[in-house]
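**Q** Have a look at this one.
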Amino acid sequence: MRLKTMLSSLLAATLAAPAFAQSDEVVGAPSAGGMGFQPAVTELARDLQWLDGMINIIITAIVLFVLGLILWCIVRYNRKANPEPAGFTHNTPVEIAWTVVPILILVFIGAFSLPVLFKQQEIPEGDIFIKATGYQWYWGYEYPEEGFGFDSYMIGSPATGGDNSYTEEVEMQLIEAGYEPEHFLLATDTQVVVPVGKTVVVQVTGGDVIHSWTIPAFGVKQDGIPGRLAELWFEAEREGIYFGQCSELCGIAHAYMPITVKVVSEEEYADWLVQMKEEYASNDAAPAPAEAVQLASAD
C-alpha cells in the first residue's frame, strides 16, 4: 500500500514538473542537528550573521580571560602558596578597570549592532507590497496592489484534510506539491511568491492574538499584533523556497503554523500573478478579521 502511494505521488509530481523551475530548490530550511544559520540570501541576514559572529568572538575572549583569572587565583593564592592572606579592602585601579572596560566593550558592540537594527527598521520604498495577517492557526496574505488575497495552511493541517500528524496521505500531498517528506510541518498549501532582486515590504498584523512572521534566511522577524500594523522588508538575492514558522506562542496549534516563501524570476512571478488573479481576484482580497484590524489601526 505504501509503495503504491509513493508511486502515485511520484507520478503526480512528474506530471506537475512543468509548473516548477529552479526556484523549487529548497534553500532556507532547518536541518536536523544543525547548529549554524540558514544560508543568508539578503543583506539583512548577512549583517545579522556577521554581528553574531563578532559578538561570539568577544564573548569567547571574555570567558577565556575570566577563566584564566580564576585559574591564576587558584594557583597563586591558595592556602599552600599564600599562607598569609593580604588585609587590604579594595584596589582602586582594578575597580576602575572593571567598570570602564565593560563600558567600552558595550559601546563597541553598540556601534555595530545599532546600525543593523536601524537598517531593519528603516523601511525603504518597496517594489512589492504584501499584507500578512496571523490567525489561529494559519496565515492570510493580501497583495493589495494586485487585488487578490489568499490563506496559507500547513500541508497536513485540518484545513487540508489532515489532523496535524504525518500520514501517507500527507506524504502524498507534500510530494504532489513539490516538497519532500522531511518538509512536513514546514510546507504550506499556498506559497507567498516574490520576485528575486526586488524590495518586498510586508505589513504584519494579527487577526486574533499575537503572532510573529519570520523567515530566518531573510533575517526578518516581526510580531503581528491585533489592532496594529508593523512592517518589515527584504530583498532576496537567490531563487528558491524558504521556510519560516510563527515565532510567537499563539495557542494550542502554534507549532502547526508555518510560512513558505518562494523567490522566483520576474517572468515566473508575472505568470504566477496571472494565475492567482484568475483564481482569487473574484474573492474578497481581505478577510473580515483583517478588515477589522485595518479599521482599528486607522482609528
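The values are calculated or read from the model by the stated rules, or taken from the named source; none is laboratory data. Source: prediction; values computed, not measured. Backbone-built Cβ (ideal geometry, glycine too); neighbour counts: all protein chains shown. Accessible surface areas use protein heavy atoms only, side chains included; no ligands, DNA or RNA. Shrake-Rupley method; radii C 1.70, N 1.55, O 1.52, S 1.80 Å.
**Q** Checking understanding here: applying a Kyte-Doolittle mean of at least -1.0 and a length along the axis of at least 18 Å (C-alpha), which whole DSSP H helices in the chain pass?
**A** Counting only whole DSSP H runs, the qualifying helices are 2-15, 43-76, 92-121.
**Q** Which one, 135, 149, 59, projects farthest toward the positive side of the charge dipole computed for the chain from Cβ point charges (K/R +1, D/E -1)?
**A** In the chain, that residue is 59.
**Q** Continuing with this model, one more query. Which of these values of Cα extents along the principal axes in Å was calculated from the structure shown: (i) 61, 42, 38; (ii) 125, 43, 26; (iii) 86, 55, 36?
**A** (iii)
**Q** Give the shape of segment 34-119 as rounded, prolate or oblate, defined through the alpha-carbon gyration tensor: a ≥ b ≥ c are the square roots of its eigenvalues, a/c under 1.5 means rounded, and otherwise the shape is prolate if a/b is larger than b/c and oblate if not.
**A** Oblate, since a/c reaches 1.5 and b/c is not below a/b.
**Q** Shifting gears a bit: Carbon and sulfur: what percent of the chain's accessible surface (1.4 Å probe)?
**A** Within the chain, the accessible surface is 61 percent carbon and sulfur.
**Q** So, by mean Cβ neighbours within 10 angstrom, what's the order for 217-227, 78-88, 180-190, 43-53 with the highest one leading?
**A** 217-227, 180-190, 43-53, 78-88
**Q** Testing the spin-label approximation: label points 7 Å from Cα along Cα→Cβ at residue 32 and residue 249. State their distance in nm.
**A** 2.8
**Q** Compute from the Cα atoms of segment 52-100 the Rg and the Dmax, the latter being the longest Cα-Cα distance, and quote both in angstrom.
**A** 14.8, 45
**Q** If you take the charge dipole of segment 128-282 about its Cα centre, with +1 on Lys and Arg Cβ and -1 on Asp and Glu Cβ, which of 229, 195, 263 is farthest toward its positive end?
**A** Selected residue: 229.
**Q** If you take the beta carbon distance between residue 265 and residue 180 as r and set R0 to 25 Å, what does 1/(1 + (r/R0)^6) give as a FRET efficiency, to the nearest 0.05?
**A** Details: r = 23 Å, r/R0 = 0.91.
Efficiency at R0 = 25 Å is approximately 0.65.
**Q** Divide, for segment 128-282, the radius of gyration over alpha carbons by 2.2 N^0.38 Å, where N is the residue count.
**A** The reported ratio for this selection is 0.99.
**Q** Would you mind computing, in nm to one decimal, how far apart the modelled labels at residue 122 and residue 168 are, each placed 7 Å from Cα along Cα→Cβ?
**A** Inter-label distance under the simple model: 5.8 nm.
**Q** Along the charge dipole of the chain, Cβ charges K/R +1 and D/E -1, which of 102, 211, 92 sits furthest on the positive end?
**A** Going by the charge dipole, the pick is 92.
**Q** Could I ask something else about it? Rounding to the nearest 20 debye, state how big the charge dipole of the chain is about its Cα centre with +1 on each Lys and Arg Cβ and -1 on each Asp and Glu Cβ. Don't skip to the end; give the middle numbers.
**A** Numbers: 14 positive and 38 negative charges, 383 e Å.
It works out to roughly 1840 debye.
**Q** Over segment 128-282, what is the relative contact order in percent, taking alpha-carbon pairs closer than 8 angstrom and at least six residues apart?
**A** Relative contact order comes out at 27 percent.
**Q** Sticking with this one: Nearest 20 debye, what's the magnitude of the dipole of segment 128-282 about its Cα centre given +1 on Lys and Arg Cβ and -1 on Asp and Glu Cβ?
**A** 620
**Q** Output the antiparallel fraction of DSSP beta bridges having both residues in the chain, as a percent to the nearest 5. All intermediate terms of the calculation are to be shown ahead of the outcome.
**A** Numbers: 27 of 40 bridges.
Percentage antiparallel, nearest 5: 70.
**Q** Scan around residue 188 for amide H atoms under 5 Å from its own, H built in the peptide plane at 1.01 Å from N, and keep only partners 5 or more places away or cross-chain.
**A** The answer is 155.
**Q** How much length is gained on full extension from residue 275 to residue 49, taking 0.36 nm per residue of separation minus their Cα-Cα distance? Let's see the in-between values first.
**A** Values: separation 226, 0.36 × 226 = 81.36 nm, distance 3.66 nm.
Extra length available between residue 275 and residue 49 comes to 77.7 nm.
**Q** Here is a follow-up. Between segment 241-260 and segment 188-230, what is the C-alpha centre distance in whole Å?
**A** The distance from the Cα centre of segment 241-260 to that of segment 188-230 comes to 11 Å.
**Q** Under the definition of Cα pairs under 8 Å and six or more residues apart, what whole-number percent is the relative contact order of segment 53-155?
**A** Values: 43 pairs, mean separation 11.5, N = 103.
Taking the mean separation of contacting Cα pairs over the length of segment 53-155, I get 11 percent.
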